[in-house]
Amino acid sequence: MNENMELVMHIYKDAEMGAYATKNLLTLLLKKENKIKNILEYEIKEYEKYMHEAEIILEKNDIKPKTNSMMAKISSDMGIKMETIKDNSDAALAQMLIEGFTLGTLNMNSKIKKYKSVADKKCLKLAQNFLEYQEKEIKKLKSFL
């Protein structure tokens, strides 16, 4: 797989895990009155948008998008469930989401730097847009702290 497709695959997998984890969190909050639920619904749509954009690029290059492992998803499920059992306040949930987005931005920054000189502009632009989305969400979530 060439550098462009490696970068796009990273975007796909990061967005897929973000959507998966956020849906899981939203499911845990179904019968709760958290104000943060609207933000979670928006985040799922955004993650799915980036997954779709990455998927189109991958499929145009005859590459099947790879999802995250079941072990990674189970680990995510357990961590989210344990954190929400401890404290499901909007502030605690925002803190958990900020930590996830922060890891995502660190990962995406690293990938952008790694592929900057070899990836094409379209793929780099998608990566940069995904990074900017994550950074905006961190700022938005800080209002709940």
Exercise for the section: Could you tell me whether Thr105 is surrounded by 12 or more Cβ atoms within 10 Å (Cβ to Cβ), farther than 18 Å from Asn24 by Cα and under 16 Å from the mean Cα position of the chain (by Cα)? Expected result: yes
Practice task
Identify, by number, the condition in (1) open to solvent by less than 50 Å² (accessible area, probe 1.4 Å); (2) over 16 Å from the mean Cα position of the chain (by Cα) that Leu131 doesn't meet.
Solution key: (2)
Problem - Checklist (1) within 21 Å of Leu103 (Cβ to Cβ); (2) part of a helix (DSSP H, G or I); (3) in contact with a helix residue (DSSP H, G or I) (Cβ under 8 Å, 6 or more places away or on another chain) applied to Leu58, failing item - result: (1)
Problem - Unmet criterion (only one of (1) in contact (Cβ under 8 Å) with a residue 40 or more places away in the chain; (2) hydrophobic (A, V, I, L, M, F, W, C); (3) within 24 Å of Leu145 (Cα to Cα); (4) surrounded by fewer than 16 Cβ atoms within 10 Å (Cβ to Cβ)) for Ala72 - result: (3)
Fill in the blank from the handout: Residues of the stretch 26-69 being touching a residue at least 12 places away in the same chain (Cβ under 8 Å) and either touching a Gly at 6+ places or on another chain (Cβ under 6 Å) or small (Gly, Ala, Ser) (or both), in sequence order, are Tyr47, Ala54
Exercise for the section: Filter the stretch 114-128 for residues that are open to solvent by 100 Å² or more (accessible area, probe 1.4 Å) and under 19 Å from the mean Cα position of the chain (by Cα) and give the result. Expected result: Lys125
Handout entry: Boolean, Lys73 is in contact with a helix residue (DSSP H, G or I) (Cβ under 9 Å, 6 or more places away or on another chain), assigned to a loop (DSSP other than H, G, I, E, B), at pLDDT 95 or above and not aromatic (Phe, Trp, Tyr)
Key = no
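Let me confirm something: among Ala119, Ala54, which residue is hydrophobic (A, V, I, L, M, F, W, C) and modelled with pLDDT under 95?
Numbers: Ala54 fails: modelled with pLDDT under 95.
On inspection, the qualifying residue turns out to be Ala119.
The values are calculated or read from the model by the stated rules, or taken from the named source; none is laboratory data. Because the structure is predicted, anything quoted here is derived from the model rather than measured. Neighbour counts run over all protein chains shown; Cβ positions are idealised from the backbone, glycine included. The accessibility values were calculated without ligands, DNA or RNA, using every heavy atom of the protein model including side chains. Shrake-Rupley method; radii C 1.70, N 1.55, O 1.52, S 1.80 Å.
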